[in-house]
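Asker: Pasting in a structure now, in structure tokens, and then I'll have a few things to ask.
The values are calculated or read from the model by the stated rules, or taken from the named source; none is laboratory data. As the structure is a prediction and not an experimental result, all values here were calculated from the model. Cβ sites come from the backbone with ideal geometry, for glycine too, and all protein chains shown count toward neighbours.
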Amino acid sequence: MGSRKNNNSSSYDYSFKILLIGDSGVGKSSLVLSFISQQYLQDLSPTIGVDFKMKLLTFGGKRMKLTIWDTAGQERFGSLTSSYYRGAHGIILVYDVTRRETFTNLSEIWAKEVEIYSTNHDCIRILVGNKVDRDSERAVTVEEGIALAREHKCLFFECSARTRANVQQCFKELISKIVEVPSLLDKGSAIVKKQVLEKKQMCRAENSMVSALLDGTNSTDIYKEWVVSLDSTFNPVSSPQPVITINGQFPGPLINATTNDFVHVNLFNNLDESLLFTWNGIQQRLNSWQDGVSGTNCPIQPGKNWTYVFETKDQIGTFTYFPSINFQKVAGGFGPIQVNNRVVIAVPFATPEAEFDLLIGDWFSADYRVVRSSIQGKFMSYGAVPDVILMNGKGPYGLPNSKEHESFTVTKGKTYRFRISNVGTFFSFNFRIQSHLMVLVETEGSYTNQITLDSLDVHVGQSYSVLVTAIQDESDYYMVATPKLLNTSDSSPLVAKGVLHYANYVGTVSGPLPSEPNPYDIDFSVDQAKSIRWNLTAGAARPNPQGTFNVTNITLSKTFILHGSISEIDGLSRYTVNNVSYFTPNTPLKLADQFVNGSVVYQLDAFPVDSINDAATYGVSVVTGVHKGWLEIVFKNDLYVMDSWHLDGFGFYVVGFGDGDWTPESRTSYNLYDPVVRSTVQVYPQRWTAVYVFLDNPGMWNLRSQHSVNWYLGQELYIRVHDPDPNPAKEKPPPQKRMFDDQSNAPIASPFAQPSPLLPDSPAPQVAISPPFPQPIAPSNAPIASPIAQPSPLLPESPAPQVAISPPFPQPIAPSNAPIASPIAQPSPLLPGSPAPQVAVLPPFPQPIAPSPQSGW
């Protein structure tokens, strides 16, 4: 987790960076803990990437802040740690006196890295032999340690983190040597740094000074190492199934950042299929390359890794992350993101006693790959009904199959911030806490007018912050989430139940569950949604009040009217937008845009943005968004169930909700004074929702349904916001190491040359690619070859690959199990007996022969 920077230079005189290096398991983390907290913890798990600790102390009458970087010692993290040498005032090289190879590696690996990467050539180095409490197992003598220290011009200590022997002396000696070196003392001086900053500020106008103080100069780099795996031991409700975990955790670990921080996530894919992660609500300013969806990134192949680097530029709030392709979110892999205010920006409420992340979502008890296959028949997309609702990956309290339940401990009289997110796939839910009220304060990066609620509707993909004060008698109280548009009993697994536990209470939770509003009362939910409004006077990421940026007098550049529905294409149920189901091409749209201006991969603006095609089709849907123009989007839900929409890269100004069909006259009902700004908005059955978006963020941006089945089966499109200025300050260039480098030995597949999840055991259509065909890896400064069988503008001298698809393509076979009944007893446009919509495939889209949704690599 990244350190928080203190901008008050008067709180210390000097700030020094200390770096610990050495092999994994030598006790670096234990040494730091022993020094920082005067304690030793046994059996610490290995450090992943880097950990940060800070210690304030007084030395020689001067106040000092030590930032201690505890880095991973595993060989695979060698390249990761290299960047941390920069600016270090002191380096501690640690070995284990009982393991000779850790001593040898200091000379052969670590000392060499210090020489190569250290930017402070006067930095003080100490060689430390740890674990001297195990002297009977010693494999390195004291004399050998002294000799190596002399060879590399280091101080030398032997320590024991377990007994704390010599630990304090080691760090104090390091500090005393640092302050004896004038160059290090100057670099660490808070006064000198302040003087340099003031000199720069004097050369700038007032606005520039504020920008320098509040912008990226206060950012922190946060480094994460994630290993993504399938784990069959979690089984939240005792049903054996694979769960996607991150570093063995489900849900995944918290990303805790501050405005303008840079987050580095080195992600290792240990699954048996490709993987991408998206950062739901993080706007990726000028950098859609890091968005982690199929239109911007090639997937991370099994056994490979990829490092996402994104900035929380000008953002605060509550967000989530999750896998974005292959229906994998259904199996987990999700986790919380917190973006905190900088200390110079006031938060519009008192600091709570503590903060709790509460990820609530529906869950299938079956293997996600089985569910993925089952939803692709003619009517099965209506039958994808989850089995249970979880809280932080735990089953409902009192459910016999739940292995454990979620519980939060509070102290009477204290106030707590709950960050609540709907990480599910289908159900909206209503959340409430027995005998406690909630004060709504924030949603997805916007501070809201503070309203008091006894229950809160949270739709798929949405996040909120509420304040809860523990004012009741000391006891245990139910926390409950119940699905919308579904009748349930208190004992239903679809009623999530956790416990709010008062610290001094001994007993168990009792009493009836807090009553819920009528789950079918849509007007109640709409009224609540309309009451959630922007706090115009609060600052957020910037000192300007949020209300500085308003929509009262804007000029619209375009209007999109998007109907979300379901249609039958070639005998298969597909979700559509304006009767077009998105077809994922082999080449990510952003790559195609970069290297061939999108040609042969998609046809810009072929998608109908304000009308519905007569016949359902597949399409690579990419539309133009006018750079720095205001876009109006009207989402119309033609289904009889809830939907929610999300746009990467931007925030929605939620200006209106309405019943029936939208018309231009509907604008008279808009709230243009204080519409809340958020990244995910709900659309009620047979109703519309209207939003405004300011398209000031160039890139290729995904607009999608947040419902997993809808998204997987085609309810998405991309908005291309283009700035022709090649200045990298206007839009960031592609990463130097693009993700398709991981596929250097893999042939490029035909769009259909893959096993179809519709037919897990059926052979894929035969595809022959005749040589010569360019390898998918081009030099870093060369264009990428298009995977589509057309004459390549990238390689004008090379013949186009010959592609033949041998018929017959296998017809989809209905799953053996009967479809699950829809929980909503409403007419379906695909009920047996109703005519199927006519299907036409419009050029230049490929013939839709049962394409695998979100596949193609």
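Asker: Collect the residues in region 488-517 that are more than 25 Å from K414 (Cα to Cα) and touching a Phe, Trp or Tyr at 6+ places or on another chain (Cβ under 7 Å), keeping them in residue-number order.
Answerer: P517
Asker: Of all residues in region 225-254, count the ones that are aliphatic (A, V, I, L, M), under 23 Å from T307 (Cβ atoms) and in contact with a Ser or Thr (Cβ under 9 Å, 6 or more places away or on another chain).
Answerer: The number of residues fulfilling the criteria is 5.
Asker: Are any of the residues in region 287-307 farther than 25 Å from G619 by Cα, at pLDDT below 95 and crowded, with 24+ Cβ neighbours inside 10 Å?
Answerer: Yes, that holds for at least one residue.
Asker: I need the full set of residues from region 474-489 which are over 32 Å from the mean Cα position of the chain (by Cα), among the charged types (D, E, K, R) and more than 17 Å from Y416 (Cβ to Cβ), in order please.
Answerer: Result: no residue meets the conditions.
Asker: Let me confirm something: among D272, D231, which residue is touching a strand residue (DSSP E or B) at 6+ places or on another chain (Cβ under 6 Å), more than 21 Å from M700 (Cα to Cα), touching a residue at least 12 places away in the same chain (Cβ under 8 Å) and surrounded by fewer than 22 Cβ atoms within 10 Å (Cβ to Cβ)?
Answerer: D231
Asker: Restrict the check to region 319-330 and report whether at least one residue is in a strand (DSSP E or B) and either of a type in the set (V, I, T) or in contact with a Cys (Cβ under 9 Å, 6 or more places away or on another chain) (or both).
Answerer: yes
Asker: Whether any residue in region 397-418 is within 25 Å of P253 (Cα to Cα), charged (D, E, K, R), in contact (Cβ under 8 Å) with a residue 60 or more places away in the chain and touching a Gly at 6+ places or on another chain (Cβ under 7 Å) is what I want to check.
Answerer: yes
Asker: State all residues of region 569-582 that are surrounded by 20 or more Cβ atoms within 10 Å (Cβ to Cβ) and assigned to a loop (DSSP other than H, G, I, E, B); if no residue qualifies, say none.
Answerer: N578, N579
Asker: Output the residue which, of all residues in region 4-35 that are in a helix (DSSP H, G or I) and modelled with pLDDT of 80 or more, is surrounded by the most Cβ atoms within 10 Å (Cβ to Cβ).
Answerer: K28
Asker: Further question on the same structure: So which pairs qualify, if the first residue must be in region 539-551 and in contact (Cβ under 8 Å) with a residue 60 or more places away in the chain, the second must be in a loop (DSSP other than H, G, I, E, B) and aromatic (F, W, Y), the Cβ gap must be under 8 Å, and the two must be at least 6 apart or on different chains?
Answerer: So the pair list comes out as N550/Y673.
Asker: Can you confirm whether region 487-497 contains a residue that is within 25 Å of A354 (Cα to Cα) and touching a residue at least 12 places away in the same chain (Cβ under 8 Å)?
Answerer: yes
Asker: Here's a check for you: in region 622-648, which residue that is touching a Lys or Arg at 6+ places or on another chain (Cβ under 8 Å) and of a type in the set (G, A, S) is farthest from T425 (Cα to Cα)?
Answerer: Selected residue: G629.
Asker: Just name the residue that is farthest from the chain's Cα centre (by Cα) out of those in region 604-617 that are touching a residue at least 24 places away in the same chain (Cβ under 8 Å) and within 17 Å of I719 (Cα to Cα).
Answerer: By that ranking, first place goes to S611.
Asker: Quick one: D362 ticks every box in (1) surrounded by 23 or more Cβ atoms within 10 Å (Cβ to Cβ); (2) in a loop (DSSP other than H, G, I, E, B) except a single one, so which number is it?
Answerer: (2)
Asker: Sticking with this one: From the list E151, E144, E173, E158, which residue is modelled with pLDDT of 85 or more and either polar (S, T, N, Q) or touching a Ser or Thr at 6+ places or on another chain (Cβ under 8 Å) (or both)?
Answerer: Of the residues listed, the single one that is modelled with pLDDT of 85 or more and either polar (S, T, N, Q) or touching a Ser or Thr at 6+ places or on another chain (Cβ under 8 Å) (or both) is E151.
Residues are listed down the side, and each one gets a yes or a no for (1) surrounded by fewer than 23 Cβ atoms within 10 Å (Cβ to Cβ); (2) under 28 Å from R720 (Cα atoms); (3) touching a His at 6+ places or on another chain (Cβ under 9 Å):
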residue: F310; (1), (2), (3): yes, yes, yes
residue: T318; (1), (2), (3): no, yes, no
residue: I345; (1), (2), (3): yes, no, no
residue: P348; (1), (2), (3): yes, no, no
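Asker: Show the residue pairs that are 6+ apart or on different chains and have beta-carbon atoms under 6 Å apart, the first residue being within region 523-536 and over 14 Å from F652 (Cβ atoms) and hydroxyl-bearing (S, T, Y), the second being buried (at least 18 other Cβ atoms within 10 Å of the Cβ) and modelled with pLDDT of 95 or more.
Answerer: That search, which allows pairs on different chains as well, returns S525/D457.
Asker: Listed residues G445, G461; which is under 32 Å from the mean Cα position of the chain (by Cα), in contact (Cβ under 8 Å) with a residue 60 or more places away in the chain and farther than 20 Å from F426 by Cβ?
Answerer: Being under 32 Å from the mean Cα position of the chain (by Cα), in contact (Cβ under 8 Å) with a residue 60 or more places away in the chain and farther than 20 Å from F426 by Cβ holds for just one of G445, G461, which is G445.
For every residue, the table says whether it meets (1) at pLDDT 85 or above; (2) out of contact with any strand residue (DSSP E or B) (no Cβ under 7 Å at 6 or more places or on another chain); (3) closer than 21 Å to V142 by Cα.
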{"residue": "F52", "(1), (2), (3)": "no, no, no"}
{"residue": "G61", "(1), (2), (3)": "no, yes, no"}
{"residue": "R76", "(1), (2), (3)": "no, yes, no"}
{"residue": "L80", "(1), (2), (3)": "no, no, no"}
{"residue": "R86", "(1), (2), (3)": "no, yes, no"}
{"residue": "H89", "(1), (2), (3)": "yes, no, no"}
{"residue": "T104", "(1), (2), (3)": "yes, yes, yes"}
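Let's see how each residue does on (1) under 16 Å from L93 (Cα atoms); (2) assigned to a loop (DSSP other than H, G, I, E, B); (3) of a type outside the set (A, V, I, L, M):
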residue	(1), (2), (3)
D135	no, no, yes
A139	no, yes, no
E144	yes, no, yes
A149	yes, no, no
K153	yes, yes, yes
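Asker: Looking for whichever is of a type in the set (G, A, S), more than 30 Å from S567 (Cβ to Cβ) and in contact with a helix residue (DSSP H, G or I) (Cβ under 7 Å, 6 or more places away or on another chain) here; the options are S407, S402, S446. Which one fits?
Answerer: Of S407, S402, S446, the one residue that is of a type in the set (G, A, S), more than 30 Å from S567 (Cβ to Cβ) and in contact with a helix residue (DSSP H, G or I) (Cβ under 7 Å, 6 or more places away or on another chain) is S446.
Asker: So which pairs qualify, if the first residue must be in region 625-649 and in contact (Cβ under 8 Å) with a residue 60 or more places away in the chain and farther than 14 Å from V609 by Cα, the second must be assigned to a loop (DSSP other than H, G, I, E, B) and among the basic types (K, R), the Cβ gap must be under 9 Å, and the two must be at least 6 apart or on different chains?
Answerer: Between residues of region 625-649 that are in contact (Cβ under 8 Å) with a residue 60 or more places away in the chain and farther than 14 Å from V609 by Cα and residues that are assigned to a loop (DSSP other than H, G, I, E, B) and among the basic types (K, R), the close pairs are M642/K484; G649/R285.
Asker: Which pairs have Cβ atoms under 8 Å, sit 6 or more apart or on different chains, and link a residue in region 239-250 that is closer than 15 Å to K403 by Cα to one that is in a strand (DSSP E or B)?
Answerer: What qualifies is V243/L230; V243/D231; V243/G332; F250/D231; F250/V243; F250/I244; F250/G332.
Asker: Also, I was wondering about something else. Where residues in region 80-133 are touching a helix residue (DSSP H, G or I) at 6+ places or on another chain (Cβ under 6 Å), among the polar types (S, T, N, Q) and not in a helix (DSSP H, G or I), which of them is nearest to F157 (Cα to Cα)?
Answerer: Checked region 80-133; the qualifying residue nearest to F157 (Cα to Cα) is T98.
Asker: Could you tell me whether F740 is modelled with pLDDT under 90, touching a Cys at 6+ places or on another chain (Cβ under 6 Å) and either buried (at least 18 other Cβ atoms within 10 Å of the Cβ) or assigned to a strand (DSSP E or B) (or both)?
Answerer: yes
Quick grid of which residues meet (1) in contact with a His (Cβ under 7 Å, 6 or more places away or on another chain); (2) of a type in the set (F, W, Y); (3) in a helix (DSSP H, G or I); (4) modelled with pLDDT under 95:
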site	(1), (2), (3), (4)
F560	no, yes, no, no
G564	no, no, no, no
S567	no, no, no, yes
T584	no, no, no, no
A592	no, no, yes, yes
V600	no, no, no, yes
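Asker: Please tell me if V114 is farther than 15 Å from S30 by Cβ, more than 36 Å from the chain's Cα centre (by Cα) and either surrounded by 17 or more Cβ atoms within 10 Å (Cβ to Cβ) or modelled with pLDDT of 90 or more (or both).
Answerer: no
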